[in-house]
Amino acid sequence: MDSRILCYWFYFIGFVDLFAVSIVFPLMPQYAKELGASPGLIGLFGSIYGAVQLFSSPVIGHLGDTRGRIPILFMCLLIAAAGYCISSLCIYSLLLLSVLRFMAGIFKHTQDLCRNCLADVAPKGEKTKAVGQLNALSNIGFILGPSISGYISNKLGLATGISICFFLCGLLFIANAGVVWFLVWPNAPSVVNPVNQSKKKEEQKSMWNRIMEIDWKVHSGLFLSRFLAAFAVLIFRSSFVLGLKHFYPYLTPAEVGYLVSYNGTLGLIIGLTIGSVSACKYYAGNEEKMQMHAALIIPVGFAFIAFSNSLIFMMLGMAILVVGTAASRACGVVLTTKRSKPDEAGKLLGLSSSILSIARSAGPFVAGMSQEFSFAAPAYVSFVTSILALLVYYTQVYRVHKPMSLKIE
């Protein structure tokens, strides 16, 4: 099979994966509250997935390297499918749902495995473009899923709706496993075969050794500012559904799903245009300036959300926030590479992903605990954290502005 056709199949798998998960995602906080869980417990429930992924991701990645990526992808899809299907039968037990969420955290690595597979099969010179297209198409799934789950739960009730959505999610994972078994596995020998072990042995260093090798005088400011900005956004997103239902109780589950889809649609539009903006004359070649403006925009978005008492103003704040976060993500990757030595860019990007995983696991917990005091508290915490991210970036990166690539040896 042609390598480009294989890429299309990985795009399809990534799209279906995020579409399936986003069908369940908006309903879980609402349903956990209906079962009697406090905001703090719901936050802890949401942190399980991110915390488990932080530790399971390197293990699954290593198995993909040693056993072949396609067999591990197929295994993960089947086990995740079983977990979601079983969840549809255990909706009245928050404890069982938590255990099954733990299982999903261990095996639901579809996006990362698809990115690694694309890096193996995409034509030379098109690997970065292929991964970017996977991210964009996957986000379309996140736009469609919440609207569908909101409509189902609105028509059938929250309990029946979440049961059906869990089962539908499991079926979509089974469909993805079928695509891998029948269409991808027989036609991707380079991805099935393990990576050369002598090469991998040299690359396999402990996280501590990799951290110690980094020149933190150059990179600490950028890493810390990215962590704080991501942490602020994740606190808000984790508390978004419960906060929305508290302040606007008249909203139906379908309308909540539409608002989540609205946020995903904005992300897709801004993500597609951010490349053109960065290439314009005002920003060309100066990602430091663009990141600075993004760091300024993010607190403005949180201010609209935290201090408004109108749904319209909150939606405006969400739009402003999406602009800032999309620009920040794009610039963050470029700046990490730009400020690194030629042989450490990949290591730094990998470490950056691990650090952001910490934010993903801690964000829901902090959001839940702050909601124990007030449903408005997460927005205020996010606003303060984003201000800290801005100050760190300005004092340690923007004002210094000495990327490694500009140094003359």
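Just give me the residues in the stretch 270-319 being loosely packed, with under 13 Cβ neighbours inside 10 Å, hydrophobic (A, V, I, L, M, F, W, C), without any contact (Cβ under 8 Å) to a residue 12 or more places away in the chain and part of a helix (DSSP H, G or I), in sequence order. Listed by number, the residues that qualify are Ala279, Ile312.
Applying the selection to the stretch 75-93, what residues are open to solvent by less than 40 Å² (accessible area, probe 1.4 Å) and touching a helix residue (DSSP H, G or I) at 6+ places or on another chain (Cβ under 7 Å)?
Cys76, Leu77, Ala80, Ala81, Gly83, Tyr84, Cys85, Ser87, Ser88, Cys90, Ile91
When we screen Gly141, Gly105 for residues that are assigned to a helix (DSSP H, G or I), farther than 27 Å from Thr265 by Cβ and not aliphatic (A, V, I, L, M), the only hit is Gly105. Mind listing just one residue for me: the one in the stretch 1-28 that is in a helix (DSSP H, G or I) and touching a Pro at 6+ places or on another chain (Cβ under 9 Å) and, of those, modelled with the highest pLDDT? Applying the filter and picking the extreme gives Ile23. Meeting the requirement of 1 or more residues that are modelled with pLDDT of 60 or more, open to solvent by 40 Å² or more (accessible area, probe 1.4 Å) and on the phi < 0 side of the Ramachandran plot, the helices (runs of 4 or more DSSP H) wholly within the stretch 155-238 are 158-179, 189-192, 207-213.
Taking each residue of the stretch 72-85 that is without any contact (Cβ under 8 Å) to a residue 40 or more places away in the chain and looking for partners that are open to solvent by less than 40 Å² (accessible area, probe 1.4 Å) with beta-carbon atoms closer than 8 Å, six or more apart or interchain, yields Cys76/Ile60; Cys76/Lys108; Cys76/His109; Cys76/Thr110; Cys76/Leu113. Every residue in the stretch 245-258 that is under 20 Å from Gly43 (Cβ atoms) and modelled with pLDDT of 85 or more, please. Passing the criteria: only Phe247. Scanning the stretch 224-243 for residues that are touching a helix residue (DSSP H, G or I) at 6+ places or on another chain (Cβ under 6 Å) and not small (Gly, Ala, Ser) returns Leu224, Arg226, Phe227, Leu228, Phe231, Val233, Leu234, Ile235, Phe236, Val241, Leu242. For the stretch 89-98, check the following and say yes or no: at least one residue is without any contact (Cβ under 8 Å) to a residue 24 or more places away in the chain, outside any helix (DSSP H, G or I) and not aliphatic (A, V, I, L, M). Yes: the stretch 89-98 contains one or more residues that are without any contact (Cβ under 8 Å) to a residue 24 or more places away in the chain, outside any helix (DSSP H, G or I) and not aliphatic (A, V, I, L, M). Out of the residues in the stretch 97-147 meeting the condition of being among the hydroxyl-bearing types (Ser, Thr, Tyr) and closer than 14 Å to Ile13 by Cβ, tell me which one is modelled with the lowest pLDDT. Ranking the qualifying residues of the stretch 97-147, first place goes to Ser138. At pLDDT 80 or above, in a loop (DSSP other than H, G, I, E, B), open to solvent by 30 Å² or more (accessible area, probe 1.4 Å) and in contact with a helix residue (DSSP H, G or I) (Cβ under 8 Å, 6 or more places away or on another chain): does that describe Phe365? When the stated conditions are applied, Phe365 does not pass them. Can you pull out every residue in the stretch 38-55 that is out of contact with any Pro (no Cβ under 8 Å at 6 or more places or on another chain) and open to solvent by less than 10 Å² (accessible area, probe 1.4 Å)? If the condition is that a residue be out of contact with any Pro (no Cβ under 8 Å at 6 or more places or on another chain) and open to solvent by less than 10 Å² (accessible area, probe 1.4 Å), then Gly40 is the only one that fits.
The values are calculated or read from the model by the stated rules, or taken from the named source; none is laboratory data. On a predicted model such as this, the values are computed, not experimentally measured, just so you know. All Cβ positions, even for glycine, are placed from backbone atoms using ideal geometry, and neighbour counts span all protein chains on display. Accessible surface is based on the protein model in full, side chains and every heavy atom, while ligands, DNA and RNA are left aside. Shrake-Rupley method; radii C 1.70, N 1.55, O 1.52, S 1.80 Å.
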